[in-house]
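Accompanying notes for the structure given below.
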Amino acid sequence: MLTVEGTHGPIIHAVTRAAATRGARPGARLTDARALDPALVALPADPTGDAALVAQLAIWAGRWSPLVEIDGDGLRLDVSGVAHLFGGEAALIEDMRARFAALGLTACIAIAQTPAAAWALARYRGDIPALPVAALRLDPDIVRTLERLGLKTVGALIDLPRLALARRFRGADNVVDALDRMLGRKDEPLTAAPNDPPPRAALRLEEPATHIEAAAQALERLIPRLVRQLEHRHLGARRLTLTGFRVDGSVAEDSVATAIASREPKHLARLLADKAAALNPEFGFDAFALTADWTESLGAAQDSLVEEPSGERDIARLVDRLSVKLGPDHVLRPQAHESHLPERASGWVSAIISSPGGGGGPPKAVEGGLSPARRPLHHAAHGPPPRSGEDQRPSRLLDRPEAIDVIYATPEGVPRRFIWRRAVHDIARVEGPERIAPEWWRQPSSARLRDYYRVEDGAGRRYWIYREGLIGDGRGGLPNWFMHGLFG
Amino acid sequence: MSRVARGLSLVAGGAVSARPSTPAKAGAQTRVSAPLLALRARTGPLPAQGHWDLPRPECSTLSELFAAHPRDGGWAGFLLAQVGTAKPLLWVQDRMAIRESGRIHPPGLPSQNLIHVTARDAKDALWAMEEGVRCAALSAVIGELWGDPRALDFTATRRLAVAAERSGVACWLVRLGGTANLSGARMRWRIASAPSLTHPLDPRAPGLPTWDADLFRARGHPPGRWSLTHEADRFHLVAEHRDRALGEVERLTA
């Protein structure tokens, strides 16, 4: 017997069969039950643990149907068009019961025309008209009212005129609606179920496979099946999930993403091979499923009659392969942000997400940091042509600016010499400062402005250093100097 | 560098105004044969109108570039001047290279159309480079490796070179803080920054970047050392910086 804490002491949450015969009922107070039989054993219930278990079982139940919905303390599966795969509805129920029994769970299973009827039949035995009104999943208050009115079964409600029922019970939890849902007069879609189940290929094994290559071998058979489905629906996969169902009810899964929609078996196999090898069989897999859970429409594709590789697709494939092996966070494309701060302006985005071949266009924020007054003027007929803005930015940026010691003639003047990583650099040439104010709308008010200098040391190496703050700006003591980038 | 450029007192090809208004692609220009070039570079100034072409491999292949110092980012300018921007660029950096000399900064690069790969170690970096080199839709693959990793041996470089030649994608192996051990690269450069040219308007500001480029091994080219700058899609020889003032005066009056 399990209990939860109620307002007036523990309330019985669930009972074993033995406890039920001794008068314990879910919803009753523990003290009342103990009064009937003091020998009852009560343990605290664990609703979160139960929910987690149900959620795990919901994934596991994907072995029978692609549409599984968690419904309170139960699961709802849409088995339309599925049952024949298991040898009919009766065989399906037997299979489910056996599998749940193997997990040590007693499952109450019912298949019905409507979800509401299945819910009721799984909990109350008998024909629909003979079911108690509680089987309609109504509010307990309404159930109590109905019972007081003498309407004890669903059949009694069906016999009543609809209009009278609708007038009497007008609340949100309408009795007529509940009745209609059960009798199939009104649709009750499984809410979690997508309208369009994702393309999916499943493989059930005769015996649990414990060897490491099991997943890879299953993949060889799953990919052609999935590709056939994708072709049929004119889709290309953007993300694929390989799921291995273990005998003990746990599930191992891993997914790969692609940069452009693809349904080429060879490419998909190459992407998934590593993931398949990494799935741990533990006690053995007895079923596999390969789901394209993110797809995009892809027309029937043949590039051209002659084999002419399309650049964009090749790049996308390269990105896929790199991302799968090195991780999507390590394969990046530049993405400019509207910001004056250099480290913020030149952002990166995972290449697998950003549009292929896009490249991000010209950086918008680069020019912004350069005030016209500070930009050197180049009007001479000879000499270097006017520098474009990009030349003013270093080709490399340190991930985190490093503090340097700077010797300067005057605190606000140009730097003369700096020490970076314990090496002394004499500054031979210097250009600047280029002042970048803090972004007050984003940064804390204590952020200090930066004065950037392009400096060249005696050996010709050029660096981008900045002084953070000014003397007397009221935001700290003496300004600090930082090394931020290297020019190429 | 003294071996090459001593006595070279004129900015080669420096007559900026004498250049055709629409400079042709470097590859289309008449090539000065490398021996002649070396001779000229040693013996005297190049004629003001003469073109000078950087020694390049006959086909796209693996080139190795040693940064003279890990904290010297100058090589990037030299390298990027030779890389096309029409197609995307794959830039691989290993973790140590990023930590020691910074991550690439797209606003400072000629093209934003690139894919950046952060590799855990040299093995991953070489794998990513090889994947990239096989992809003909890239304009070039640049891989930066720190030090002398064990994974970078003759076989690895040879594989890259063969793959690059087969697919026609130029591959640059950049070595930061490494030593020039056995390698299958067809051209091996050592690039150091040199003091930049004088800024025409502000003598205190850095001008056009220059490099001391040392080609110490190349297939089909004699090795050589040059002081170079890059301007308007072309490389130009510059006077060694000890003679710079004289050279630049001549340049401005040319």
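What residue, among those in the stretch B:201-242 that are without any contact (Cβ under 8 Å) to a residue 40 or more places away in the chain and assigned to a loop (DSSP other than H, G, I, E, B), is farthest from the other protein chains (Cβ to nearest Cβ)?
B:Pro223
Out of the stretch A:409-456, which residues are more than 9 Å from chain B (Cβ to nearest Cβ), part of a strand (DSSP E or B) and aromatic (Phe, Trp, Tyr)?
A:Phe418, A:Tyr452, A:Tyr453
Among A:Asp320, A:Asp329, which is buried (at least 18 other Cβ atoms within 10 Å of the Cβ) and within 14 Å of chain B (Cβ to nearest Cβ)?
Only one candidate qualifies: A:Asp320.
Can you name the number of the only condition in (1) touching an Asp or Glu at 6+ places or on another chain (Cβ under 7 Å); (2) at positive phi that A:Gly150 fails?
Of the numbered conditions (1) touching an Asp or Glu at 6+ places or on another chain (Cβ under 7 Å); (2) at positive phi, the odd one out for A:Gly150 is (1).
Checking B:Ser193 against (1) polar (S, T, N, Q); (2) at pLDDT below 90; (3) part of a strand (DSSP E or B): exactly one of these is not met. Which one?
Unmet condition: (2).
Among the strands (runs of 3 or more DSSP E) lying completely within the stretch A:179-297, list those that include at least 3 residues that are surrounded by 21 or more Cβ atoms within 10 Å (Cβ to Cβ) and within 26 Å of the chain's Cα centre (by Cα).
Where strands (runs of 3 or more DSSP E) fall fully within the stretch A:179-297 and carry at least 3 residues being surrounded by 21 or more Cβ atoms within 10 Å (Cβ to Cβ) and within 26 Å of the chain's Cα centre (by Cα), they are A:235-246, A:251-262, A:285-297.
Just name the residue that is nearest to B:Glu100 (Cα to Cα) out of those in the stretch B:131-179 that are among the charged types (D, E, K, R) and surrounded by fewer than 18 Cβ atoms within 10 Å (Cβ to Cβ).
B:Asp148
Before we move on, is A:Val68 over 22 Å from A:Gly244 (Cβ atoms), surrounded by 17 or more Cβ atoms within 10 Å (Cβ to Cβ) and in contact (Cβ under 8 Å) with a residue 24 or more places away in the chain?
Here the answer is no, as A:Val68 does not meet what is asked.
For the stretch A:7-54, enumerate the residues that are small (Gly, Ala, Ser) and surrounded by 12 or more Cβ atoms within 10 Å (Cβ to Cβ).
Initial filter on the stretch A:7-54 (small (Gly, Ala, Ser)): A:9, A:14, A:18-20, A:23-24, A:27-28, A:33, A:35, A:39, A:42, A:45, A:49, A:51-52.
Once the filter is applied, which keeps residues that are small (Gly, Ala, Ser) and surrounded by 12 or more Cβ atoms within 10 Å (Cβ to Cβ), the stretch A:7-54 yields A:Ala14, A:Ala19, A:Ala20, A:Gly23, A:Ala24, A:Ala28, A:Ala33, A:Ala42, A:Ala45, A:Ala51.
Could you check the stretch A:143-152 and list, in sequence order, the residues that are surrounded by fewer than 18 Cβ atoms within 10 Å (Cβ to Cβ) and either in contact (Cβ under 8 Å) with a residue 12 or more places away in the chain or under 47 Å from the mean Cα position of the chain (by Cα) (or both)?
The answer is A:Arg144, A:Thr145, A:Glu147, A:Lys152.
Taking A:Gly361, is it in contact with a helix residue (DSSP H, G or I) (Cβ under 6 Å, 6 or more places away or on another chain), at pLDDT below 55 and not hydrophobic (A, V, I, L, M, F, W, C)?
no
Could you please give the count of residues in the stretch A:332-352 that are within 11 Å of chain B (Cβ to nearest Cβ) and not in a loop (DSSP other than H, G, I, E, B)?
Number satisfying all stated conditions: 13.
For A:Gly488, indicate whether it is assigned to a loop (DSSP other than H, G, I, E, B) and within 14 Å of chain B (Cβ to nearest Cβ).
yes
Of all residues in the stretch A:3-45, which are in contact with a helix residue (DSSP H, G or I) (Cβ under 9 Å, 6 or more places away or on another chain) and touching a residue at least 40 places away in the same chain (Cβ under 8 Å)?
A:Thr3, A:Val4, A:Val41, A:Ala42
Could you grab me the full set of residues in the stretch B:61-86 that are surrounded by fewer than 19 Cβ atoms within 10 Å (Cβ to Cβ), closer than 14 Å to B:Gly168 by Cβ and not hydrophobic (A, V, I, L, M, F, W, C)?
B:Gly84
When you scan the stretch A:399-407, do you find a residue that is of a type outside the set (S, T, N, Q), touching a residue at least 24 places away in the same chain (Cβ under 8 Å), part of a strand (DSSP E or B) and touching a Pro at 6+ places or on another chain (Cβ under 6 Å), even just one?
yes
Can you give me the ranges of the strands (runs of 3 or more DSSP E) entirely in the stretch B:46-157 with at least 1 residues that are more than 9 Å from every other protein chain (Cβ to nearest Cβ) and either at pLDDT below 90 or in contact with a helix residue (DSSP H, G or I) (Cβ under 6 Å, 6 or more places away or on another chain) (or both)?
In the stretch B:46-157, the matching strands (runs of 3 or more DSSP E) lie at B:62-67, B:89-94, B:140-146.
The values are calculated or read from the model by the stated rules, or taken from the named source; none is laboratory data. Computed from a predicted model, the values in this text were never measured in an experiment. Here the Cβ is made from the backbone with ideal geometry for all residues, glycine too, and neighbour counts use every protein chain on show.
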